[in-house]
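S.K.: Structure in structure tokens, see below.
None of the figures in this text is laboratory data; all of them are computed from the coordinates on show. Computed from a prediction, not measured in an experiment: that's the story for all the values here. Using ideal geometry, Cβ is built from the backbone for each residue, glycine included, and neighbour counts are taken over all protein chains shown.
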Amino acid sequence: MVLIDTSAWIHALRPDGDREVKARVAALLESGQAATCPMIRLELWNGARGDHEKRVIRDLERELPDLDITSEVWRGACALARAARKSGQTIPATDLLISACARHHGIAILHDDEHFAAMQEMPEL
């Protein structure tokens, strides 16, 4: 299973999105390996443009596994924030929470966002 971040969904939803990212999202959807979480759904709804994107988001909500954001995930996000700050990085809270969610559930993240690449270098907390 792979958590598809909003940065990858943007490519998948938009006609001018990166073809490689679109193909990776499509492959995960077709194989049944795609997952989402409440923070990603919120980001998608916050940026939804037009009826087509809204319809796709509704379909995703019905079809994809939704990974829980538990108190353990929140603690993990706080630990990632401390580790990032210690290394001189400021990472958006939403990305910290999504990364902590994926780590907690033991799955990878498909993204197109440099913040996730930076967090991949951080040790498991």
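S.K.: Any residue at all in the range 97-104 that's surrounded by fewer than 17 Cβ atoms within 10 Å (Cβ to Cβ) and either under 21 Å from ALA26 (Cβ atoms) or not hydrophobic (A, V, I, L, M, F, W, C) (or both)?
M.R.: Filtering the range 97-104 for residues surrounded by fewer than 17 Cβ atoms within 10 Å (Cβ to Cβ) gives none.
No; the residues of the range 97-104 include none that is surrounded by fewer than 17 Cβ atoms within 10 Å (Cβ to Cβ) and either under 21 Å from ALA26 (Cβ atoms) or not hydrophobic (A, V, I, L, M, F, W, C) (or both).
S.K.: Right, ARG49: more than 17 Å from ALA8 (Cβ to Cβ), surrounded by fewer than 17 Cβ atoms within 10 Å (Cβ to Cβ) and more than 13 Å from the chain's Cα centre (by Cα) or not? Can you show your working first?
M.R.: On the way: more than 17 Å from ALA8 (Cβ to Cβ): no; surrounded by fewer than 17 Cβ atoms within 10 Å (Cβ to Cβ): yes; more than 13 Å from the chain's Cα centre (by Cα): yes.
Here the answer is no, as ARG49 does not meet what is asked.
S.K.: Condition first: touching an Asp or Glu at 6+ places or on another chain (Cβ under 9 Å) and surrounded by fewer than 16 Cβ atoms within 10 Å (Cβ to Cβ). Now tell me which residues in the range 1-17 satisfy that.
M.R.: ARG14
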